[in-house]
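Notes to accompany the following structure.
Here, each number is a calculation from the coordinates, and none is a lab measurement. Being a predicted model, the structure only gives us computed values, none of them experimental. Don't worry about glycine lacking a Cβ; one is built from the backbone with ideal geometry, like all the others, and counts go over all protein chains shown.
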Amino acid sequence: MLGPYSQKLTADDHRELLNQLYLARYFDVRLIKEKKRGRLRGTLYSSHNQEAILVGSLYGLKPNDWISPIHRDMPAFFLKDFRNGWRNPGRMGMTIQEVCAQVWGKQGSPGRARDNWSHIGSKAKHIIHSTSMLAGTIPAAAGVVYADRLDGGDAVVLTYNGEGSTAQGVFHEAVNFAAVHRLPVVTIIENNQWAYGTPTDMEYSLEDFARRADGYGIPGLIADGQNVFDVYEKVMEAVDFARSGKGPSIVECKTFRAYGHGDHDDDRAAKYRPTDEVAQGRSRDPIAVMKRLMVAAGTMTADQSKEHPAEGKGAAEVTDADFPPVVVEYLTEGVEFAVNDTVPPGEEGGMWVFRE
Ligand SMILES: Cc1ncc(C[n+]2csc(CCOP(=O)(O)OP(=O)(O)O)c2C)c(N)n1
Ligand SMILES: [Mg+2]
């Protein structure tokens, strides 16, 4: 049963959501392949199996809304305002060229080669610069929408946090501040069951991280993080609540981290996590779940659902033929731009360090 927000999504929306899921997955596996091939260096943090959280949460935002992503949300930088045209330079999200140049550490990246991952942002595109200090996404986000409200705006901010980050003192301080001031801050908790090598039962004494909301007197919603419609539904509920001036919410999205913390953690991951737990956690691939829902809704036939079988496959097994050509073509434009881009001149090393 679809909720009231998801019921309004059209067949075109369903196809767009599925393509976005494919694109987020392809981003992940293609980068792993590029690294294995020796065309890319640096650590990668996989969002494999967690794509429905990014796609579903971003889909209903207004262009002017803000986001505050972290290490596991790299596709969010280009998926923001994606509905306004994947290649539309005016849309309120980063281009695929910018994001790939960032991953490759090239001149065309927002960070001009200072880092290869999520330490980027764009004031113009309403993307808050990501910070490595876990839960540091939330106070920055609260400040941004506080200022926006004072200026008469109605923007909402989505902050993304792993469940491990909720143990930080600043998580409490910032959510409490947002609650007291009724700020339009939607705090998404990507509960992927692991924070580096720490399982959830060593992080928190309750089952549902959404219950943290009770302590602040705000709504705490739970979404099936493998189901893009359910994420969309719960986030839209929280977004409308926030936009109408009622204040913040927490949306816990239940999911499972498919691989190690980063690709440097790959082999060890197999040892500290029971293999049956990992197999179980990966068994509800968000692409497969979406296809089943589309067949049930009549927006895809059973035969069509067998096309592009990327679901359930890791980077080593999957090929480009497992993805829709529109997805492969789009990301390839970003990858080729980044590979051919230059590195900044060495003199830039001290740039942005001291006031010019
Ligand atoms: C304040 C702080 N402590 C520790 C770290 C190191 N660190 C980076 S990611 C991470 C695990 C985060 O787990 P979680 O919040 O569940 O997110 P996930 O990686 O599972 O998506 C840790 C401990 C950090 N970046 N900041
Ligand atoms: Mg986690």
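Brief remarks follow.
- GNM top mover of VAL335, VAL180, VAL103 - the chain, alpha-carbon springs below 10 Å: VAL180
- Under the simplified labelling scheme, the LEU2-ALA288 pair shows an inter-label distance of 2.3 nm, with each label point 7 Å from Cα along Cα→Cβ.
- Normalised by the number of residues in the chain, the mean separation of alpha-carbon contacts (under 8 Å, six or more apart) gives a relative contact order of 22 percent.
- The distance linking the stretch 291-348 with the stretch 257-285 is 22 Å (Cα centroid to Cα centroid, whole angstrom).
- For the stretch 4-336, with +1 on Lys and Arg beta carbons and -1 on Asp and Glu, the positive-most of GLY105, VAL231, GLY262 along the dipole: GLY105
- Cα gyration tensor shape for the stretch 104-146, rounded if a/c is under 1.5, else prolate or oblate: oblate
- Extending 7 Å from the Cα toward the beta-carbon at both THR43 and THR332 defines two label points whose distance is 3.2 nm.
- Comparing HIS264, HIS14, HIS126 in a Gaussian network model of the chain, where Cα atoms under 10 Å apart are tied by springs, the biggest mean-square fluctuation is seen for HIS264.
- Span from the the stretch 154-184 Cα centroid across to the the stretch 77-104 one, whole angstrom: 26 Å
- Computing FRET efficiency as 1/(1 + (r/R0)^6) for THR342 and LYS306, where r is the C-beta to C-beta distance and R0 is 56 Å, gives about 0.80.
- Given charges at beta-carbon only (K, R positive; D, E negative), |dipole| of the stretch 4-336 in Debye: 720 debye
- The chain: most fluctuating residue of GLY105, GLY90, GLY152 per GNM, C-alpha cutoff 10 Å: GLY152
- Since only SER132, ILE222, VAL251 are under comparison, the one whose Cα sits farthest along the positive direction of the charge dipole of the stretch 4-336, derived from C-beta charges on Lys, Arg, Asp and Glu, is SER132.
- Computed from the Cβ-Cβ distance with R0 of 51 Å, the FRET efficiency linking GLU277 to ARG243 stands at 0.85.
- When the listed pairs LYS62/LYS254; LYS33/LYS62; LYS125/LYS271; LYS80/LYS106; LYS80/LYS306 are checked against a 30 Å cut-off, the alpha-carbon distance exceeds it for LYS33/LYS62; LYS125/LYS271.
- Residues of type aspartates and glutamates that LYS36 reaches as a straight line, Cα spacing below 16 Å, ignoring anything fewer than 8 places off in the same chain: ASP28, ASP263, ASP265, ASP266, ASP267, GLU317, ASP320
- Each DSSP beta bridge with both residues in the stretch 4-336 is either parallel or antiparallel, and the antiparallel ones are about 10%.
- Environment charge of ALA142, counting only residues whose C-beta is closer than 14 Å and scoring Lys/Arg +1, Asp/Glu -1: 0
- Helix screen, the chain: DSSP H segments with Cα axial length of 30 Å or more and mean Kyte-Doolittle hydropathy at least -1.0 are 11-36.
- Each distinct pair of alpha carbons in the chain adds a 1/r term; the inverse of their mean, the Kirkwood radius, is 20.6 Å.
- Check: the stretch 147-227 dipole with +1 on Lys, Arg Cβ and -1 on Asp, Glu Cβ, in debye: 220 debye
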